[in-house]
1. Starting from the stretch 71-85, take each residue that is surrounded by 14 or more Cβ atoms within 10 Å (Cβ to Cβ) and list its partners that are part of a loop (DSSP other than H, G, I, E, B) and of a type in the set (S, T, N, Q), counting only C-beta distances under 8 angstrom and pairs at least six apart or across chains.
2. Does the stretch 20-49 hold any residues that are more than 11 Å from the chain's Cα centre (by Cα) and not in a helix (DSSP H, G or I), and which are they?
3. I need the full set of residues from the stretch 61-76 which are in contact with an Asp or Glu (Cβ under 8 Å, 6 or more places away or on another chain) and not in a loop (DSSP other than H, G, I, E, B), in order please.
4. Restricting the stretch 9-66 to residues that are in contact with a Lys or Arg (Cβ under 6 Å, 6 or more places away or on another chain) and of a type outside the set (A, V, I, L, M, F, W, C), which is surrounded by the fewest Cβ atoms within 10 Å (Cβ to Cβ)?
Amino acid sequence: MSARTSLQLGFDLARLSDSLTWAHYLRLHPKAKVGFTHGQYGRLYFTLTDAALGHRGVLRYAETVEELIEVAHDALFRDGEVEVM
């Protein structure tokens, strides 16, 4: 994956903020934040962090916004907040 453009990053963040799954996850985990880190070869990773854990509080690295939404969905499922039919 090549380095993301700032425009693509904006689209990705807009998609995340429009997600109902993500909004529900944030209601249950209000200290969760999305950050960024750079990897090799210009890769940009999204990070899901917990502010209560400080700078070492990275809970998950994701290459795409879809992965973060899947993480949120899995957490909601485990908490009994969503049912899968």
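1. The qualifying pairs are 72/19.
2. Result: 29, 30, 31, 37, 38, 39, 43, 44.
3. Residue satisfying the conditions is 65 alone.
4. 50
FYI, it's all coordinate maths here, none of it is from the lab. None of the values given here were measured: they were computed from a predicted structure. We place every Cβ from the backbone using ideal geometry, glycine too, and count neighbours over all the protein chains shown.
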